[in-house]
Structure formats: C-alpha cells, structure tokens
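I have placed the structure first, in the form of structure tokens, so that the comments after it can refer back to it.
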Amino acid sequence: SAGCNVLDYLVDGPRCVVAADLNEAQLAVLDLKLACLEAQLPRSEFFALWGRSNPQVFLDSYQKQLRPRLRRAASVTYWDEIGDALFRDNFMFSGTSGLVAFLLMLVSRPLGVSGALQRNLGGIPGLSLVDGEGLPSFFFKSIVRLLSKPSVWHYVAPLVGVPPEQVNLVARAPELFSDRIVEIIQKRMWTSDNYFYHGYLTGQFDDYPKCPRYMSTEYYDVLLRYFADPQEARRRCVLFHGSWGDAPVPDGCDGFTFVSLLDSMDWMPPDLASKLVARAVARLKKKKEKSSKRHDDGRFAAPGEPRVFWRSYAPGPSMERTPSDLFTPHSPVLAHLEPVELLDYDRVGWYLSQWVATPRDFLADDALADALCPGLRKEEEEEASSEASASHTTTTTTTTPKKYVNSLLDDLHVCLAMAAHALRRDKDVATFYKSQGSRYDGFREALLPDRDTLLRYALPWARLPRIVAASKATYALACVGCGTARDLEFIADHLAAVCASTKSRVALVDLSPELLSVAKDRVHRIGLGDFVDFFVADVAATGGAAKDVRNLLRHNVAFVTCSYCLTMIPAWPAAVDALASFLVPKEGFLGVVDFTQRFNRQANPLERLYKAWFALDGVYFNRAHVDYLASKTTPYYYHEHQSRTPYTPWYPTHYLFVGTLAPRPKRRSIDTTTTKQSLPPNSNNNATP
C-alpha cells in the first residue's frame, strides 16, 4: 500500500520489510516517504507534507533532497510528472476513493462531524442515531439507513476502491455488514485513536493518536535512527513491483517470518489465490529441526515461528449465530493453512474477520507447499520451457484441463432429453444419462460450476499422504456419483503421483453403467487406469451390490467427493451417512458441490421458482442438505454462489462444502486484547486514507 502499514512495521525494528504492490502509484508514494526518512527530514516537515498536505514542503525539498534518494526509476517518473499536485489538491482526497472522502467531508462539516472529531467529543452534541430529533438527526439517520442497505453497496463500493468480489463476501449475511456500518458511525469512528476516519472526514491528521503511529514524535525519531545510514536504510526496506507471492526473500535472510496479506485475498479467485499462497509459503523461514513443540492448541505461533496474517470482509466464526451460518475462511487455500480468527480491534471496521496462521507442516516440506496448488510446479516448468523455446517450432503440452464445448445442436439434444425426463412420471436417472451419451460433459461445463474448485483447491491435498499412511486406507479418493469421471481430469497428474507414492487407489461409484463405461475410457486416456476401481451401486441402498460396496469402502477412504449428485438422490440422508462412513476415522475429508437454495432466502419467489424448475428434471433443492452435512462432519470450508443456467435467465445458487472427521479445534479464535502474544502493535489497523 502507500506506506502506513510498512512504516508502522518498521517502527518495531524488523531486520527487513519487503513491500510488494502491483500499483506503481502506491509504490511511488511509499518511495517518497522513505526518501523523506533517508533525507532526515524533520518531523515537523514530514507531518506538514503527509499529515497536512502542504505542497510547499514538497516544492522546497523534492529536487535537492528527495528526488536523488528515490529508489525506483518509476517513482522518479511519477513524481516528476505529477509534481506537487497530489498535495496541492489534498493528499487525503486523491484518487476515486479520495473523491468519495471529499464528498463525505462536505456532508460531515455542516453536521458538525468534522469539528467533533477534531475536538475528541466522542459524538456530535445533540445528535443521536437512536432517539435524536430535529432536522440534523433526521438527515444523519437517513444517511446511515442508506449506507446500510445492501443494494447501495454495489454502487458505492467501487468508488471507494472495493471490488464487487469483496462486496459479495457479505452477500450471504448482509445484515452483519449493515450492523457494522451502524456501529462504525455510532461508536468506532469516534474513538480517540481512530485516525482513519479522522483523516477522511477532516481532511488532515492531527497530533497523535489522531495520526498513524509512525508520524508521532516518539516513533518518528525511531525511524530517523533506522534510516540514518543510507545503506542500512535500503537493506531494511525493499520495494518490489509485483504480487506478494512473487516477492523475493532479501539477500542474507533465510525466509520471511511474517507475511501480511491484508485484504488482498478478498477479490482473488481460488486458482490465483492458491498459486500466490503456495509461492509465499515456499518463501517462509524453514524449520531447523524436524519437529517443534506445538503452542496454543497447535494453532497460534510460538515465538519465532513464521506467521501469515490477513483480514477479510467475510465474517468469521465469532459472528456465527446458528450452526447453519458456517463462516469459514473465505478462500479454500487459506483454510488449508489452519488459521485461527483474531478477535482484535480493527480501526477501519469494514473487515468482519481477521486471521493468523502458522503453516508448520508446509515449512518442513516444499512438496507440501506445492500441494496447495496441484500442478503449479509443472505449470511453471512448462511456462519456463515454453518461453525458452519460443523461437523454435517445438511446442509444449499444458496441464490445464481440457474444456468441453458442445455445438448448439448438441446442447439442443441434451435439452430435449431433459424435457423428456421432466415429463416422465417415474424419474429413471440411469435412462436419463444414457440418452445424452458423449454430449453429457459439454453441456454440464457451464451448468455445473466449481467442480474444478472442489477437486483442485478445496481438498487439502497436502494432508493426503499423511492421512493415507496413518490410516492405511486403500483409497486416496472416492468419487460418488462420478458420472463420466470428468472431475478426475482436474487433478489427473497430481492424483497419479499421489497414488503411486502412497500405494493407494481411486474408487469411482455411479449407478449408471453407461456413464461408468465412458469413465473407464477417460481414466485410461488421462493416465489413471492403473489406479482406479469402478463400482456400479446406489450408495443410498442397503442391499445387493450396494451393500458390498459400502462394506468395502467403509472407513477406507481418505477423501470422498460428490459433485451435483446429492440433489438427485431421494434418500439423501442415507447417502450422506454412507459418504461419511467411507471416511477414515478422525482424519478423512468429505467434499460436496451441489445446488441449494440461498442462505436465509428459501421463501424468496425466485428461489421457489428455481426449486420447482429443477425438480422437473429430478434435481431437488433442499437447504437441509447443507445442515446435515455440517452435522455429520466438522465444517472445514464453505462457500455458496449464484451462477447462470445456460440458455435461461435463471441464477440458481450452488454451494461448495468440505467437512472433516477431525475434531473441531478447541480454539477457533484468539482474543488479542487479553493475550500477550499478538501481532506487532497496530499492524493490522493501519489502513492508509
């Protein structure tokens, strides 16, 4: 970011901080702040420039003192071109989000908000959100009501630099964010040390604590001492233009001990998040001994252990009101780090959860870090090989799974089969799929989303070898309702390597012999033929072949998956019981992706329409599926999302659930206000206005 977090970390004297950003403007701002410190700019001038946006300080010091000390050529270009404009127009109100802040300030001043903040009044005299009367109170309460409406967020959020993906994280329980907005306006913004809102609503910083910690007289002097030696200053803080996952470990260091991601993960899709986290974890400081004593229920860091910190708009477990809420880490790769939620004060207030993780297992073995994103290392090797041979005619293969695309005629054939199935009184699923043949996969690529997310990113592949070894399970993976085994293509290379190294197998179970016939051809084509067993069975049945299959798989599978199958099984509770029984005790993982009704929206007319529409084809939406899955396992990761059904205006909801038989950790959160061991002071609170 523009430097507030970085400089706050530097106050505590770390050996080195690597500041990574994809935004050249943000890096240029931080570069200029560092130049001010290297030039030993007096605190009064530094504060006048960055706390009061005094352009004269810039004009007096840039050419002779600051420009020669800028570290990056891009920063020199940036400041040469923009000059003092950023300060002349008030640094607090720069950019799109700054424009919104400026408009808020214009509204706040007539209401007395700005003056009350500057005088530490803790509120506006005579103005109340609860029982206030008169025009000012009415106007103020109207603004609060407007800002707390979810329909408004999608229009306002982009203006303050919040992407739609981040806003969507609160879509399942928007009332939590609405309540937080009210709490911010009623209480949080009025605290004496909340320089974030003070800066935005008054247009300036004032004496500490109405400014970031590093701007105070005491701590600014600390930074000046650190930056007195130019060579030491450049070693202590390194600027990197790029993603944090690619940030290099500084020379002389054996790995990062703290990675602060802030909210950068909120907008990332699972594939990008997995790649970056895998790369970042590989750069953490490694263990010097094979094992170490677990600290705080094995989850929070012992002194000296590397940690990863992030914050998110998504609510955490501390905000769960019922067991159905299922507030887990918002990205599957973050769940694999086994984080705990930090119940720590956040100045900004927009972030409903904050997390810290100590990925001990990944520090001992680089192969485990690779498993955070199966196929990543091979993809990187192929990319490097492709670049190296770009001038030659040779081509390289890719690990990206094949995309199946139907023609319009193919999709029409599938739609006719679905229509015929809808008109049948008796829903024969096997006959239904037999009529679709090879067109099955093409149509379902768009109809059934997130199967790749479940198989590639949501299952904790890094744990699999240990689970198989400890349990002596025959099967590493069982796909129930596997269809044509399309799911296996997403992780074929990784699965083959795992099965070979652990001497385990894969079980494919489906009630349609026709689909299993297609599956057999596929697994041989993708190199899994030597590891796969096929079973024709209905797992919800209790007799015949189903009984034999259930006995064979019972407590004998590390990972069990079920993709868009549960909604087609009338006796679904029996099916869930069977899936859970296949898992190895205390360690197995169950992954399900399927349709459902939106959380707390079952009575919505559109949700009722989707439920009735899909029921015509034997797909029965039932919110109780999710609750039952959560009751049978310990929820590990949960996500739900709306996606468009091909050739229709419908946007039904699907969910992705991963649960485990491992016992729920004793501590899912840590209150740092009562725990001595915490993050560096204020590290997660310093958002830059």
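Answer with yes or no whether S216 is surrounded by 17 or more Cβ atoms within 10 Å (Cβ to Cβ) and modelled with pLDDT under 75. Taking the combined requirement at face value, the residue does not satisfy it.
Could you check how many residues of segment 403-419 are hydroxyl-bearing (S, T, Y) and in contact with a helix residue (DSSP H, G or I) (Cβ under 6 Å, 6 or more places away or on another chain)? Explain how you work it out, then say what you get.
Initial filter on segment 403-419 (hydroxyl-bearing (S, T, Y)): 404, 407.
If we keep only those that are in contact with a helix residue (DSSP H, G or I) (Cβ under 6 Å, 6 or more places away or on another chain) too, we end up with 404.
Result for segment 403-419: 1.
Condition check ((1) at pLDDT 70 or above; (2) part of a loop (DSSP other than H, G, I, E, B)) across all residues:
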residue: T322; (1), (2): yes, yes
residue: F362; (1), (2): yes, no
residue: L368; (1), (2): yes, no
residue: T396; (1), (2): no, yes
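Only one of these is more than 23 Å from G203 (Cα to Cα) and not basic (K, R): P55, P68. Name it. Steps first, please.
Values: P55 fails: more than 23 Å from G203 (Cα to Cα).
The unique qualifying residue is P68.
What number of residues in segment 158-205 are open to solvent by 50 Å² or more (accessible area, probe 1.4 Å) and assigned to a helix (DSSP H, G or I)? Residues flagged as open to solvent by 50 Å² or more (accessible area, probe 1.4 Å) and assigned to a helix (DSSP H, G or I) within segment 158-205 amount to 9.
Being within 22 Å of F362 (Cα to Cα), open to solvent by 60 Å² or more (accessible area, probe 1.4 Å) and in contact (Cβ under 8 Å) with a residue 24 or more places away in the chain narrows it down to one residue among D271, D221; which is it? Working first, answer last.
Numbers: D221 fails: within 22 Å of F362 (Cα to Cα).
Exactly one of D271, D221 is within 22 Å of F362 (Cα to Cα), open to solvent by 60 Å² or more (accessible area, probe 1.4 Å) and in contact (Cβ under 8 Å) with a residue 24 or more places away in the chain, namely D271.
Taking the listed residues V100, V130, the one that is closer than 30 Å to S331 by Cα and either modelled with pLDDT under 75 or in contact with a Leu (Cβ under 6 Å, 6 or more places away or on another chain) (or both) is V100, with no other qualifying.
The set of residues from segment 654-664 being within 22 Å of the chain's Cα centre (by Cα), open to solvent by less than 30 Å² (accessible area, probe 1.4 Å) and more than 25 Å from D410 (Cα to Cα) comprises Y655, L656, F657, V658, G659, T660. Any idea which of R43, R52, R71 is within 39 Å of the chain's Cα centre (by Cα), open to solvent by 70 Å² or more (accessible area, probe 1.4 Å) and either at pLDDT 95 or above or not small (G, A, S) (or both)? Only one candidate qualifies: R52.
Evaluation of M265 against the conditions (1) surrounded by fewer than 17 Cβ atoms within 10 Å (Cβ to Cβ); (2) in contact (Cβ under 8 Å) with a residue 24 or more places away in the chain; (3) assigned to a loop (DSSP other than H, G, I, E, B) shows that the sole unmet condition is (1). Among the candidates R439, R486, R466, the residue that is modelled with pLDDT of 80 or more and either open to solvent by 30 Å² or more (accessible area, probe 1.4 Å) or not basic (K, R) (or both) is uniquely R466. Filtering segment 229-247 to residues that are within 24 Å of the chain's Cα centre (by Cα), open to solvent by 20 Å² or more (accessible area, probe 1.4 Å) and under 17 Å from A28 (Cβ atoms) leaves F240, H241. Among the residues in segment 575-584, are any modelled with pLDDT under 95 and of a type outside the set (S, T, Y)? So far as segment 575-584 goes, no, none of its residues is modelled with pLDDT under 95 and of a type outside the set (S, T, Y). Cβ-Cβ distance below 7 Å, separation of 6 or more or different chains: which pairs start in segment 534-557 with a residue that is closer than 13 Å to A575 by Cβ and end on one that is assigned to a loop (DSSP other than H, G, I, E, B) and open to solvent by 60 Å² or more (accessible area, probe 1.4 Å)? If the second residue must be assigned to a loop (DSSP other than H, G, I, E, B) and open to solvent by 60 Å² or more (accessible area, probe 1.4 Å), the pairs left are A537/L511; D538/L511; A546/D538.
I'd like to check which strands (runs of 3 or more DSSP E) are fully inside segment 548-648 and have at least 2 residues that are open to solvent by 20 Å² or more (accessible area, probe 1.4 Å) and within 28 Å of V498 (Cα to Cα). Give the derivation first.
Values: elements: 557-563, 589-596, 634-642.
Per the criteria, 634-642.
For A497, the conditions (1) more than 30 Å from the chain's Cα centre (by Cα); (2) open to solvent by 30 Å² or more (accessible area, probe 1.4 Å); (3) of a type in the set (A, V, I, L, M) are fulfilled apart from (1). In segment 439-452, the residues that are closer than 15 Å to C415 by Cβ and without any contact (Cβ under 8 Å) to a residue 40 or more places away in the chain form Cβ pairs under 7 Å with partners that are open to solvent by 20 Å² or more (accessible area, probe 1.4 Å) and not in a helix (DSSP H, G or I), at six or more places apart or across chains, as follows: R439/N406; G442/Y404; G442/V405; G442/N406.
Scanning segment 310-343 for residues that are of a type in the set (D, E, K, R) and either crowded, with 22+ Cβ neighbours inside 10 Å or over 17 Å from D627 (Cβ atoms) (or both) yields R311, E338, E341. Look at L59 and say whether it is open to solvent by less than 10 Å² (accessible area, probe 1.4 Å) and assigned to a helix (DSSP H, G or I). When the stated conditions are applied, L59 does not pass them. Going through (1) surrounded by fewer than 18 Cβ atoms within 10 Å (Cβ to Cβ); (2) over 18 Å from V658 (Cα atoms) one by one, A519 falls short only on (1).
The values are calculated or read from the model by the stated rules, or taken from the named source; none is laboratory data. Just so you know, these numbers come straight off a predicted model, no measurement behind them. Neighbour counts are summed over all protein chains in view; Cβ atoms, including those assigned to glycine, are modelled from backbone coordinates with ideal geometry. Surface areas here come from the heavy atoms of the whole protein model, side chains and all, with no ligands, DNA or RNA. Shrake-Rupley method; radii C 1.70, N 1.55, O 1.52, S 1.80 Å.
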